[in-house]
Amino acid sequence: MKYIDYFLLAISLIFLAPNFIDYNIVETAEQRLPTDKFDTSLLKLNTLNKLIVYVDSTAFVKKIIPGSLDYAIEAKEVISNRFYHKYASHNLNENWMASVAQKITGLYLSSKITANDILTKPYGYCGQQNTVLMELLQQKKLDCRVLYLPHHFVIQSFIAGNWQYFDANAEPDIPKAQRANESWFKNIDTLALAYKKDVKWVENTFGNPVVFEYGQINEVQGPHAQIFQAITKWLSKLVFIFPLLWFVYLKRKKSTRAT
């Protein structure tokens, strides 16, 4: 019976220990690119509320009206500087169950999905950076939708009667007047100019001809994944209790028998 005791205590410790390990088991070791405009002073903006307050303050100084196209562009610029490009997922101490599940299955079960989760990291890939921008604009009562491309993720926001194009991650050079002009981002050559890339990169990223799908207006990103992560986050913190309670039960049972 004592071997079962040791086994239960070991399992309890194994389940508890990852909650104290600030380490990531699924992200790659890729370094940030020289083209990234990463500003370390913006890392203090680690929640969506803090980010909104900061953008509001910079917009106020520049006399930009909240909810306007200029405001959305300002928010995009701040977010572009807040992150560098790299896939972001949960560390073991945040949600070790999701991390282990992704490591085993290869599915993106540990991906950071919501703005507040993404903002805990200094980096994020295209979908993550643009999700932060989308959630910020939605907080300002602006409708948004995703444009799903073959190898990219950008958003549009409905401002001034038009769907305006934004990409906080790849930072294309788009004249303000062209953000609502869909013909430019359906054209290989104009995309290459805007993104400062060659045509081959554009064809791989956007397709040739350009292929994209519109997401639903204000759709929730990864709803099933969010539910999975919410459940596994709590289980990660509490699952060690179950083998520990079993151990206590067996100890009491043995004590009662001895008595």
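Each residue of region 210-226 is assigned a 3J(HN,Hα), and the resulting list reads 4, 10, 8, 10, 7, x, 6, 5, 6, 5, 6, 7, x, x, 5, 5, 5 Hz, derived from the Karplus form 6.51 cos²θ - 1.76 cosθ + 1.60 (θ = phi - 60°), x at Gly and Pro.
For PHE158 and ILE65, a Förster radius of 22 Å and the Cβ-Cβ distance give a FRET efficiency of 0.85, rounded to the nearest 0.05.
Taking every C-alpha pair closer than 8 Å and separated by at least 6 residues, the mean separation divided by the residue count of the chain gives a relative contact order of 23 percent.
Here the Karplus relation 6.51 cos²θ - 1.76 cosθ + 1.60, evaluated at θ = phi - 60°, turns the backbone of region 105-118 into coupling constants of 8, x, 7, 7, 7, 10, 4, 6, 10, 8, 4, 5, 6, 4 Hz, with x for every Gly and Pro. Think of each Lys and Arg Cβ as +1 and each Asp and Glu Cβ as -1; about the Cα centre, that makes the dipole of the chain roughly 1340 debye. A DSSP coil position with no more than 16 other Cβ atoms inside 10 Å describes the following trypsin sites (Lys or Arg not before Pro) in region 10-63: ARG32, LYS37, LYS62, LYS63. In debye, nearest 20, what is the charge dipole magnitude of region 48-140 about its Cα centre with +1 on Lys and Arg Cβ and -1 on Asp and Glu Cβ, if you could check? Dipole size: approximately 140 debye.
Would you be so kind as to identify which of GLY67, LEU45, GLN102 lies farthest towards the positive end of the dipole of the chain, taking Lys and Arg as +1 and Asp and Glu as -1 on Cβ and the Cα centre as origin? Comparing the listed Cα positions along the dipole, GLN102 ranks first. For region 202-259 versus region 89-116, the spacing of their alpha-carbon centroids is 8 Å. The calculated 222 nm mean residue ellipticity attributable to helices in the chain amounts to -15000 deg cm²/dmol, summing -39500 (n - 2.57) over DSSP H runs of n ≥ 4 and dividing by all residues.
Less than 5 angstrom separates the built amide H of TYR84 from those of TYR123, GLY124, all sequence-distant by 5 or more or on a different chain. For GluC sites (Glu not before Pro), the sites in region 1-110 that DSSP calls loop and that have at most 13 other Cβ atoms within 10 Å are GLU30. Rounded to the nearest 20, the Cβ-based charge dipole of region 164-259 about its Cα centre (Lys and Arg +1, Asp and Glu -1) stands at 1480 debye. Loop-located chymotrypsin sites (Phe, Trp or Tyr not before Pro) in region 17-63 (DSSP state not H, G, I, E or B) with no more than 15 neighbouring Cβ atoms inside 10 Å: TYR23.
Cβ crowding within 10 Å ranks LEU149, LEU136 as LEU149, LEU136, fewest other Cβ atoms first. Remark: the TRP201-ARG32 segment gains 58.9 nm on full extension, using 0.36 nm per residue and subtracting the alpha carbon distance. Footprinting exposure proxy ranking of HIS152, HIS224, fewest other C-beta atoms within 10 angstrom first, gives HIS224, HIS152.
Scalar couplings 3J(HN,Hα) for region 132-143, obtained by applying the Karplus form with A = 6.51, B = -1.76, C = 1.60 to θ = phi - 60°, are 4, 4, 4, 5, 5, 5, 5, 5, 8, 6, 9, 5 Hz; x denotes Gly and Pro. Under a 5 Å amide H cut-off, with hydrogens placed 1.01 Å from N, ASP143 pairs with PHE158 among residues at least 5 apart or on other chains.
Bear in mind these aren't lab numbers, they're just calculated from the coordinates by the rules spelled out. Given the structure is predicted, the values throughout are model-derived calculations rather than measurements. Cβ sites come from the backbone with ideal geometry, for glycine too, and all protein chains shown count toward neighbours.
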